[in-house]
1. What number, in percent, do you get for the relative contact order of chain B if the mean sequence gap of Cα pairs under 8 Å and at least 6 apart is divided by its residue count?
2. Between the helical axis of A:53-65 and the dominant principal axis of chain A, each derived from Cα atoms, what acute angle in degrees is found, rounded to the nearest 10?
3. Under 19 Å from a label point 7 Å along Cα→Cβ of A:E301: give me every residue in region A:32-58 with its amide N that close.
4. Sequence-distant or interchain residues sharing an amide H contact under 5 Å with B:A305, placed H: which?
5. Within region A:1-33, report the chymotrypsin sites (Phe, Trp or Tyr not before Pro) that DSSP leaves as loop and that have at most 14 other Cβ atoms within 10 Å.
6. In degrees between 0 and 90, to the nearest 10, how far off the longest principal axis of chain B does helix B:168-181 point, with axes built from Cα atoms?
7. Report, to one decimal in Å, the Kirkwood hydrodynamic radius for chain A based on all distinct Cα pairs.
8. Once phi is turned into ³J(HN,Hα) by the Karplus curve 6.51 cos²θ - 1.76 cosθ + 1.60 with θ = phi - 60°, what whole-Hz value does each residue of region B:203-214 show in order, with x for glycine and proline?
Amino acid sequence: MKIGIPRSLLYYYYYPLWRVFFEELGAEVVLSSHSAKGILAAGLKNAVDEVCLPVKMFYGHVLDLVGKADMIFLPRIVSVEKREYICPKFLGLPDMIRCLKNLPPLIEVDINLYKNNKDFYSAVKNIGNIFTKNHLDIWGACLKALKAQKKYFKLMQMGLMPSEALALIEGRVEDKSLPDGEKMNIALLGHPYNIYDPYISMDIINRFRAMGAVVATAEHVSGKIVRNYAARLPKKLFWSLGNRMIGAAFHYLEQPGISGMVHVAAFGCGPDSMTGGIIERYAHSSGIPFLNLTLDEHTGEAGVMTRLEAFLDMVRWRKAAFGS
Amino acid sequence: MKGYIGIDVGSVSINIIFIDDGGVVADAIYLRTQGQPIAMVQKGLKELSGRLPAGSKVRGVGATGSGRNLAGIIVGADAVKNEITAHAIATSQVVPGVQTILEIGGQDSKIIILRNGVVTDFAMNTVCAAGTGSFLDQQAARLNISIDQFGEIALQSGSSVRIAGRCAVFAESDMIHKQQMGCGLPDILAGLCEALVRNYLNNVGKGKEILAPVVFQGGVAANVGMIRAFEQALGLPIKVPPYYNVMGAVGAALLARETAAKKGYSLFKGFGISDMEYKTGSFECPGCSNLCEVIQVTEDGRIIARWGDRCGKWSNALREEKIS
C-alpha cells in the first residue's frame, strides 16, 4: 500500500518519524512533489480564502498526491507539547481538506499531547491498526520511528537544515564537516514550513548563503534551551512553534557571534504578527540588526532581494564601524 | 572632465547622473520610465553624452533601483546595488550627520535610520503602495492639475480636511466625497498630504526613532505640501537635498567610484549603446513543474543575459557559451 505524505507544513518536522513508522509496517511512503508554481496554483484555486499561504500550499500538495497514493496521511495535530497548542489551522486541516473532491481515503487520527505523552501511543495504535492487528509490531515500529525522529532533530541541532539532515539520513550525501561560524552569522526565525520551503521563502536560506552569510535557525537550538529562554516571557505563548521562535530568538540575541536577526512572517498569520512583534522589540533593545520579512503569494523576488541585500549591507557596515 | 555615472531605474522615473572625481554632481537627468526602461536608459545616456564637455571620460558606472540588473547588463555596470544602501551612501555624503532619511518614490517608500554615519535600521512599505508617488500622480491627473502645482495649491489651504489614508482606494473615494460636499481643492490636497504622511509614519516608520537631521528625498520630496505635512507631524525641520529626486543614482555613482578604484578599470560599454538595439522577451521553461518565467535580453540580436530560472539551466548555458 502507498501512503502519501504532503511535502508541506509539519512534514519539515515529523517526516522521518512517519516514514519509518509506515515502512516498518510494510507500507510504501510517497511524497508530493517539491513546492512549485503549479502546486501553489492548484492550492489557491481550491483553498478557502482566509487561510495563510502555507495552508494554501498544503492544499496543492494534497492534490498532487491524487493518483500517486492509495491513502493520504492527514493527522489532526492538536498539540505536540505538554500544555501548548499548535496553530488552530492544524486542528481544522482534515476538515478543510475533506471537502476536496476525488481524494483517496484519508488517514485521520487525532494527535493531542496536551495532557501527557501517553496519548501519543493510542494515536499510533489507531494508525497501525490499518496495517496489522499485532500490537507488538506496532509498538516496535513506533520505537524505531521515534529513534529516527530523535536522530533527525539531533542532526538539525548540529546545524543542518531539514533538507540536508534528510539527505544525510537517506544516505544521499557524504557526511561532511559543518560550515564554520566565522563569517556573518544570521539568525533566521520563522515557521519551519515557511523558511524551509524554498518556493514559499523564495529560497531565502540559499540566497543568504550565496551572499556570504551563515544561517542559524530555531531548529538548530535544543528544546531545553528553547524552553529556558522562552520562559523569560511574563506569560507563556499558546503555540509550540511560536515558543520555539521566541526561545531561539532570545538565545541568539545573547550569542556574541550572531550579527543579525531576520523574522519571516506569512501574510495573514496571526501568531507571526505576535511573535514577530515581540522578537523585534527584544532585538532592538539588545542592539542587534533586525529585519521583518512578510511573505505572500506575490512572486516579485525583487522586493525580497532588495531587503536581504540591504540588510546584509547594514550588518557588514555596522560590523566594520563598531566591531562585532 | 573625468567622473562616474549613476543610474537609478525605478518604477516611475529613470535618473542618470554624472559626478566628478570629488563626488560633486555635475549633471543630472530625470526621465519618466513610461514602461520602457531600456529605451529610456538609452535616451538618457545619449542626452548625457551630448551635455558633457568634450573629452569627458567615464571611469565607472553604478546601477540601482528595482531595474538595476537590467540596467547593469545594458550599460556594463561596475557596481549594482540595492536602493537602500545607495540612498544611505548618497545622503550621508550630502548631509553629513544625517540620522533619518525619509524616501518616497514611485511605488516604494522607505525609511532609513543612521547613527554615527552607519545604517542601523530600515524599513520599506510592504504589500501596499498607498502614499507613494504613483498615487499622487494619479490623483493629480484625476483632479486635472499638474503634479508640479500639487504642493503649491496644498500650501494655500487654510484648514485641511481629514482624508482616510489607510488605503489608496478608500482615500480616493473619501476625496470624491469631500469634493461633492463642497470642500475647496487646496483643503482637500492638504488633507491628502497629511493622510499620506500619517500612513507613512504608521506603516513604514512604525517603531522607528526619528531624530534630526531628517532628510526627505525621492520624487515626492518635490511636493511642498508633503514637506509641510511631515514638518507638522514630526515637529522637526525637514531638509530636502538639492538633488533630492536622483539621490539613488548619486549613491550608485559613489559606489561605482569605490569599486572602480579597487579594480582599476571599468566595465562601461561606452555611450555607443544608445544606438544599439535591445530586446527583452520571456518564455516559460517547460523543464519541470516550476514553470519558471525565463527572461532574456538581446543586444543587436545576440543574447547577453538570461534570468528568472530557478535551476540555472538557462542562465548557466549562456555563461558556458561565452567562455567557449
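1. Here the relative contact order equals 21 percent.
2. The angle comes out near 40 degrees.
3. A:34-41
4. The list, which skips near neighbours in sequence, is B:V297.
5. Passing both the DSSP loop test and the Cβ count: no residue.
6. Tilt relative to chain B: about 40 degrees.
7. This gives a value of 20.6 Å.
8. Couplings: 8, 6, x, 4, x, 9, 8, 8, 10, 6, x, 9 Hz.
Rule-based calculations on the coordinates, nothing more; no lab input. Predicted model, so just to flag it, every value in this text is computed and none were measured. Neighbour counts run over all protein chains shown; Cβ positions are idealised from the backbone, glycine included.
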